[in-house]
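Worksheet for the structure shown next.
The values are calculated or read from the model by the stated rules, or taken from the named source; none is laboratory data. All of these numbers come straight from a predicted model, not from anything done at the bench. Positions of Cβ are generated from backbone atoms using ideal geometry, with glycine treated the same way; all protein chains shown enter the neighbour counts. Ligands, DNA and RNA are excluded from the accessible area calculation, which covers all protein heavy atoms including side chains. Shrake-Rupley method; radii C 1.70, N 1.55, O 1.52, S 1.80 Å.
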Amino acid sequence: VDHFHKKLGHIMWDYVGMSRNAEGLKKAINLMQELKEEFWANVRIPGEMNNVNPELEKAGRVADFIDIGILMAQDALDRNESCGGHFREESVTEEGEAKRDDEHFTYVSCWEYQGDDKEPVLNREELVFENIELSQRSYK
């Protein structure tokens with residue numbers, strides 16, 4: 001289980017971290033889908049069947065982490081802008097700063113599970129800002 005957990009961590013760090021791009025996100029999704037298949041085919045859980053088994057609990061969590069990682073990468077790929085602390089390398093100002101796209105991305109995302117091996121459906125809830133004005137951040 002630890003092997004899969006570490007492998008997932010490296011994929012997330014390398015491709016879905018604070019700075020990301022479409023190519024890396026697509027690669028991460030493919031790598032995590034392969035990791036998921038390998039996990040379910042090859043994971044080994046030590047322990048006894050009739051006792052409390054923390055390794056079994058950990059395996060369940062890692063299986064969930066893989067699914068969440070795939071979903072995070074899909075969401076990041078869909079949101080083609082620099083958002084919050086996440087820098088999308090394709091979305092920069094002329095000065096090299098993170099560039100928002102409020103015209104297309106002022107919504108909250110909720111991905112709806114459709115079943116194993118099926119693409120989730122994106123549900124959007126538009127955000128309405130009445131008391132603040134949206135503006136481009138500058139870290140200079």
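In the range 29-68, which GluC sites (Glu not before Pro) fall in coil by DSSP and have 13 or fewer other Cβ atoms within 10 Å?
In loop regions of the range 29-68 (DSSP not H, G, I, E or B), the sparsely surrounded GluC sites (Glu not before Pro) are Glu48.
Only helices at least 30 Å long along their axis, Cα-based, and averaging -0.5 or more on Kyte-Doolittle count here, so list those DSSP H runs from the chain.
54-78
Extending each Cα 7 Å along its Cβ direction at Asp102 and Lys26, get the distance between those two points in nm, one decimal.
That separation, rounded to one decimal, is 3.1 nm.
Determine the dipole magnitude for the chain: charges of +1 sit on the beta-carbon of Lys and Arg, -1 on that of Asp and Glu, nothing else is charged, the reference point is the Cα centre, and the result goes in debye to the nearest 20. Write out the running numbers ahead of the final one.
Details: 17 positive and 30 negative charges, 105 e Å.
Here the size comes out at about 500 debye.
When the Cα atoms of the chain are enclosed in a convex hull and the volume is divided per residue, what value in Å³ results?
Details: hull volume 21.5 nm³, N = 140.
That works out to 154 Å³ per residue.
Rank these residues by their accessible area, most exposed first, probe 1.4 Å: Glu94, Glu81.
On the way: Glu94 185, Glu81 15 Å².
Largest accessible area first, the list is Glu94, Glu81.
Taking 22 Å as the cut-off for C-alpha to C-alpha distance, list the pairs among Lys6/Lys99; Lys7/Lys99; Lys6/Lys58; Lys26/Lys58; Lys7/Lys36 that go past it. Walk me through the numbers before you get to the answer.
Working: Lys6/Lys99 32 Å; Lys7/Lys99 31 Å; Lys6/Lys58 13 Å; Lys26/Lys58 27 Å; Lys7/Lys36 11 Å.
Pairs exceeding 22 Å: Lys6/Lys99; Lys7/Lys99; Lys26/Lys58.
Which stretch or stretches of the range 69-111 have amide N atoms under 14 Å from the point lying 7 Å from Glu126's Cα along the Cα→Cβ direction?
Answer for this model: 103-108.
Could you check how much of the accessible area of the range 90-140 is carbon and sulfur, as a whole percent, using a 1.4 Å probe? If you can, show how the numbers build up before the last one.
Values: 2050 of 4480 Å².
So the carbon and sulfur contribution to the accessible surface is 46 percent.
Please list, in chain and number order, the residues 5+ apart from Leu122 or on another chain whose amide H is under 5 Å from its amide H, with Hs placed from the backbone.
Glu112
I'd like the trypsin sites (Lys or Arg not before Pro) in the range 1-64 restricted to DSSP loop residues with at most 16 other Cβ atoms within 10 Å, sorted by number.
Arg44
Okay, which of the range 78-98 sit inside 19 Å, backbone N to the point 7 Å along the Cα-Cβ direction of Leu134?
Under 19 Å, as judged by backbone N against the label point of Leu134, lie 78-94, 97-98 of the range 78-98.
Just reorder Trp13, Trp111, Trp40 by solvent-accessible area, largest first, 1.4 Å probe, all chains present.
Putting Trp13, Trp111, Trp40 in descending order of accessible area: Trp13, Trp40, Trp111.
Whole number in Å², please: accessible area per residue of the range 23-140, 1.4 Å probe, ligands, DNA and RNA not counted.
Values: 8670 Å² over 118 residues.
Per residue, the range 23-140 has 73 Å² of solvent-accessible surface.
First select every other residue whose beta carbon is under 10 angstrom from the beta carbon of His86; then total the charges, Lys and Arg +1, Asp and Glu -1.
Values: positive: Arg20, Arg79, Arg88; negative: Glu81.
That works out to +2.
Specify the inter-centroid distance of the range 75-123 and the range 13-32, based on alpha-carbon positions, in whole Å.
13
If you restrict to DSSP beta bridges whose two residues both lie in the chain, what percentage is antiparallel, to the nearest 5?
Of those bridges, close to 80 percent are antiparallel.
Could you tell me the relative contact order of the chain? Use alpha-carbon pairs under 8 Å, at least six residues apart, and round to a whole percent. Mind showing how you got there, number by number?
On the way: 146 pairs, mean separation 29.0, N = 140.
Computed value for the chain: 21 percent relative contact order.
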